[in-house]
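Only the coordinates and a few stated rules stand behind these numbers; no lab work does. These numbers come from a predicted model, not from an experiment. Heads up, the Cβs are rebuilt from the backbone with ideal geometry, glycines too, and the neighbour counts pull from every protein chain shown.
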Amino acid sequence: MDYILNITWFILQGSLTTVELFFITAVLATPLGFLVAMGEISKFKPLSKLLYLYTWIFRGTPLMLQIFFVYYGLPTFGIKFDSFTAASLAMVINYAAYLAEIFRAGMQSIDIGQIEASRALGMTYGQMMRHIILPQTIKRVLPPVSNEFISLIKDTALVSVIGMGDLLRAAKQVVTRDFNITAFIIAAVLYLLMTSVVVAAFRRLEARYSVYDG
């Protein structure tokens, strides 16, 4: 029992990095993804094409490669980050690209008739977005965004490639040291607990926005 408690405490220390990366990425990538989505559907073609290129590149290349590039590649241009900042930056940019496509699809799925009706009622663009478009968009994008956040929790394990001590790396260190897979089981339980919290939070949000049937 003492062995389990000791290794659990050690793995929990590694999980702090996992949780920090998750929250930083979620908090920064979500608004960035929304702004990119707004730019993609704008009528200013140079901007929309540039943002399409951004989402194409970062959705089409592996996150691990992007982490490598930020941490090992940018220093060749005189730009150097510590491992945590490099990992955070790569993950924010990557997940913003995915979220942008989700938000764009959600906004473009709104019936054009509702947009025309809101204009006929004299609504400004801001009023239309706040009262008509965004509530329905949020409802429609919650399931795919939830899936992205679940993937985000698991993708934090990729930061071990640049020497960061996350949850999975801590578990691997214990297994390598003790030749005992108990640490992997504990890590799996912790990942399941974190993903369960995300699922529960998004279910509450879905219930809140279920009033919008557009």
When only alpha-carbon atoms count, how far does region 1-104 stretch along each of its three principal axes, as whole angstroms with the largest first?
63, 33, 19
For Ala120 and Ser151, what does the FRET efficiency come to when R0 = 41 Å and r is the distance between their Cβ atoms, rounded to the nearest 0.05?
0.50
Sort largest first and round to whole Å: the equivalent ellipsoid semi-axes of region 6-50, each the square root of five times a Cα gyration tensor eigenvalue.
40, 7, 5
Under the helix-only model (-39500 (n - 2.57) for each DSSP H run of 4 or more, divided by the residues of the chain), the mean residue ellipticity at 222 nm, to 500 deg cm²/dmol, is -25500 deg cm²/dmol
Under 1.5 on a/c is rounded, so check that first for region 150-200, then, if it is not, pick prolate when a/b is larger than b/c and oblate when it is not; a ≥ b ≥ c are the square roots of the alpha carbon gyration tensor eigenvalues.
oblate
Scan the chain and note any complete DSSP helix (H) whose C-alpha atoms cover at least 27 Å along its axis and whose Kyte-Doolittle average is 1.0 or more.
2-40, 182-208
What number in nm² do you get for region 89-142 if you take the convex hull of its Cα atoms and divide its surface by four?
4.1
Using alpha carbons only, how many angstrom separate the centre of region 1-26 from the centre of region 51-71?
27
Taking the Cα atoms of the chain alone, what are Rg (to one decimal) and Dmax (as a whole number) in Å?
20.6, 70
List the relative contact order of the chain as a percent without decimals, with contacts defined as Cα pairs under 8 Å and 6+ residues apart.
29
Region 129-214 - convex hull of alpha carbons, volume per residue in Å³
95
Given R₀ = 22 Å, FRET efficiency for Trp56-Asp111 by Cβ-Cβ distance, to 0.05?
0.20
